[in-house]
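Below: the structure, in structure tokens.
No value in this document is a laboratory result; all are computed from the given coordinates. In this text, all values refer to a predicted model and were calculated from it rather than measured experimentally. All Cβ positions, glycine included, derive from the backbone under ideal geometry; neighbour counts span all protein chains shown.
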Amino acid sequence: MEHYNMNLTLKVWKQKNSKAKGGFETYQVKNISSEMSFLEMFDVLNEQLIEENKEPIAFDHDCREGICGMCSMYINGQAHGPWQQNTTCQLHMRAFKDGDTIVVEPWRSRAFPVIKDLVVDRTSFDRIIQAGGYISVNTGNAVDANALPIDKKDADAAFMAAACIGCGACVATCKNGSAMLFTSAKVSQLALLPQGAPERETRVLNMVAQMDKEGFGNCTNTYACEAECPKGISVSNIARMNREFLSAELNSEE
Amino acid sequence: MAFTGFFLITFLIVHAGINSCIFLNDNGKTFNIVGRFMSHNWIVRFLELGLFAGLIVHIIQGLMLWRQNVAARPVKYYSNKPEKNSTWYSRSMGLLGTLLLIFLVIHLAHFYVGTKVALYAHHDAPHNLYAEMHEVFQQWWVVAIYLLGIVALFWHLMHGFQSAFQSLGVNNKKFIPIINAAGIGYTVIICLAFALMPIAFHFGWITYTPEVVPAIPVH
């Protein structure tokens, strides 16, 4: 692919803190290489701002390898930008042309309040996990890896669900701000495996209850989440969670 | 939404099936016999209450979803491209449902109220529903309203049918192609049958001759 440099106009959401009223600020960046990642372009912009004695833009990032789930920008109207199955850190500047204007916003959700600029608080996801996204194990030596037979098909499906990095793009892109894709991936991952069996029913009931408590919206099956998910998590996980929920509800005597 | 949706989907099969009797073009004989059965049989009367209850619950659930979902995103996006990740009709179920509700009010005023008035207010007076359909659909703007209502129904079902299965947990590689195909087939057949009714009456493909009518059988 041919390398080129570009000048860009960036329209970025700036917000001092969770209480403050935010707004867009416009910045110019010059000579951005098409080989750079989107976050490297933001690094260049922030260096520029620091040199100008201005406050740099706060944004989340960690591994920059597309596997940690920290980066979280809504770029030109799409979670993680225009590429499919891709995180913001793996979005490269060759996705844009010289002279483009790029709008960058934080995830918008009542359950993801903005902390500063593009950084949102995603601890609501942590609380959903705490409500049931775990298994009980006996202490002592680790069990031999293959001691428990698991159907290859189930192991694969669990692995696919476990690929969820919890970035929140599903919530950000859903017109209802629903967290069903995330929660269902976490429920599925454990429901498919024998290790998840002891808490299987309480898990789905508690995680769904916590999800609702956090103020996420409801799923209306538009499947925007699957289309925008950087890990390609399937909405068949949502169907599985619905099955798990129905059967757990029917078995529940509380 | 899914349970009540399935209930309404089932009702539409019955509704479209019975109304298709008009296509026999027998001056409404068969249609009026079935229509009379539907308005007089007590089991059907009882199920009708269930139908209204199902419809009202479907609307209330829809309103609750809408209220909670709007609240879930207090600050909207400045730039948003939902067309990149989902179909317009899957995102417009509330709007399509509202259009359907407006259509339903018109529809019930046309055909349901008249039947009930004849039944209760006029002590089971003879009521020729076929003749009423024939008369109502002579006006082009009524036909236009009905076609618009059916267009709204088409898109509502295009999303609703498979969505109801998803909500009840039926979605995997084996079932989803079958469900999607059945959903499209159902939607096209039901909507085509309904759309042909006003069109056929309006353009005289099916006819009505008042003289020959002994339409109401003696009970």
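For the Cα atoms of chain B, what angle does the longest principal axis make with the long axis of helix B:93-107, in degrees from 0 to 90, nearest 10?
Orientation of helix B:93-107: about 10 degrees from the principal axis.
Looking at region A:8-70, which GluC sites (Glu not before Pro) are DSSP coil and have at most 14 other C-beta atoms within 10 Å of their C-beta?
On the way: sites: A:GLU25, A:GLU35, A:GLU40, A:GLU47, A:GLU51, A:GLU52, A:GLU65; in loops: A:GLU35, A:GLU52, A:GLU65.
Answer by residue number: A:GLU35, A:GLU52, A:GLU65.
Mean separation of Cα pairs under 8 Å and 6+ residues apart, divided by the residue count of chain B: what relative contact order is that in percent?
Details: 161 pairs, mean separation 75.4, N = 219.
Contact order relative to length: 34 percent.
Mind checking the angle between helix A:180-191 and chain A's longest principal axis? C-alpha axes, 0 to 90 degrees, to the nearest 10.
Value to nearest ten degrees: 40.
Quick one: which of A:LYS19/A:LYS175; A:LYS11/B:LYS76; A:LYS11/B:LYS84; A:LYS153/A:LYS186; A:LYS21/A:LYS175; A:LYS231/B:LYS84 span more than 19 angstrom between C-alpha atoms?
Details: A:LYS19/A:LYS175 24 Å; A:LYS11/B:LYS76 16 Å; A:LYS11/B:LYS84 21 Å; A:LYS153/A:LYS186 17 Å; A:LYS21/A:LYS175 22 Å; A:LYS231/B:LYS84 17 Å.
A:LYS19/A:LYS175; A:LYS11/B:LYS84; A:LYS21/A:LYS175, as the Cα separations exceed 19 Å there.
Taking the alpha carbon gyration tensor of region A:123-251, what are the square roots of 5 times its eigenvalues, largest first, to the nearest whole Å? Please list the in-between numbers first.
Details: eigenvalues 123, 53, 37 Å².
Working through the eigenvalues yields semi-axes of 25, 16, 14 Å.
What shape does region A:171-228 have by the C-alpha gyration tensor, where a ≥ b ≥ c are the square roots of the eigenvalues, rounded means a/c under 1.5, and otherwise prolate means a/b greater than b/c and oblate the rest?
On the way: a/c = 3.41, a/b = 1.69, b/c = 2.02.
It comes out oblate by the Cα gyration axes.
Between B:TRP141 and B:PHE23, what FRET efficiency comes out of the Förster formula 1/(1 + (r/R0)^6) with R0 = 35 Å and r the beta carbon distance, rounded to 0.05? Walk me through the numbers on the way to the answer.
Values: r = 23 Å, r/R0 = 0.67.
With R0 = 35 Å, the Cβ-Cβ based efficiency is 0.90.
Given A:ASN46, A:SER72, A:HIS61, which one lies farthest toward the positive end of the charge dipole of region A:5-116, if we put +1 on the Cβ of every Lys and Arg and -1 on the Cβ of every Asp and Glu?
A:SER72
Using only Cα positions of chain A, each an equal point scatterer, no hydration layer, compute I(q)/I(0) via Debye at q = 0.10, 0.13, 0.17 Å⁻¹ and quote the log10 values to two decimals.
Rounded to two decimals, the profile gives -0.56, -0.85, -1.23.
From the Cα gyration tensor of region A:5-116, with a ≥ b ≥ c the square roots of its eigenvalues, which class applies: rounded if a/c is under 1.5, or else prolate if a/b is larger than b/c, or else oblate? Mind showing how you got there, number by number?
Details: a/c = 1.58, a/b = 1.13, b/c = 1.40.
Since a/c reaches 1.5 but b/c is at least a/b, the shape of region A:5-116 is classed as oblate.
For chain B, take the longest principal axis of its alpha carbons; what is the angle in degrees between that and the long axis of helix B:42-71, to the nearest 10 within 0 to 90?
30 degrees
By counting other Cβ atoms within 10 Å of each Cβ, how are A:LYS152, A:LYS14 ranked from fewest to most?
Ranked by crowding around the Cβ, least crowded first: A:LYS152, A:LYS14.
What's the magnitude of the charge dipole for region B:7-150 around its Cα centre, counting Lys and Arg as +1 and Asp and Glu as -1 at the beta-carbon? Answer in Debye, nearest 20. Don't skip to the end; give the middle numbers.
On the way: 10 positive and 6 negative charges, 158 e Å.
For region B:7-150, the charge dipole is close to 760 debye.
Using the Cα gyration tensor of region B:29-91, with a ≥ b ≥ c the square roots of its eigenvalues, what is the shape: rounded (a/c below 1.5), prolate (a/b larger than b/c) or oblate (neither)?
On the way: a/c = 7.11, a/b = 2.54, b/c = 2.80.
Oblate, since a/c reaches 1.5 and b/c is not below a/b.
Considering chain A as a Gaussian network with a 10 Å cut-off on Cα pairs, which listed residue, A:CYS63, A:CYS225, A:CYS71, attains the greatest mean-square fluctuation?
A:CYS63
Please list the radius of gyration and Dmax for region B:84-219, considering alpha-carbon atoms only, with Å as the unit.
When restricted to Cα atoms, region B:84-219 yields Rg and Dmax of 19.0, 60 Å.
Along the principal axes of its C-alpha atoms, what lengths does region B:27-166 span, in descending order and rounded to whole Å?
60, 34, 26
For a quick size check, give me the Cα extents of the protein assembly as shown along its three principal axes, largest first, whole Å.
That gives 93, 60, 44 Å along the principal axes, largest extent first.
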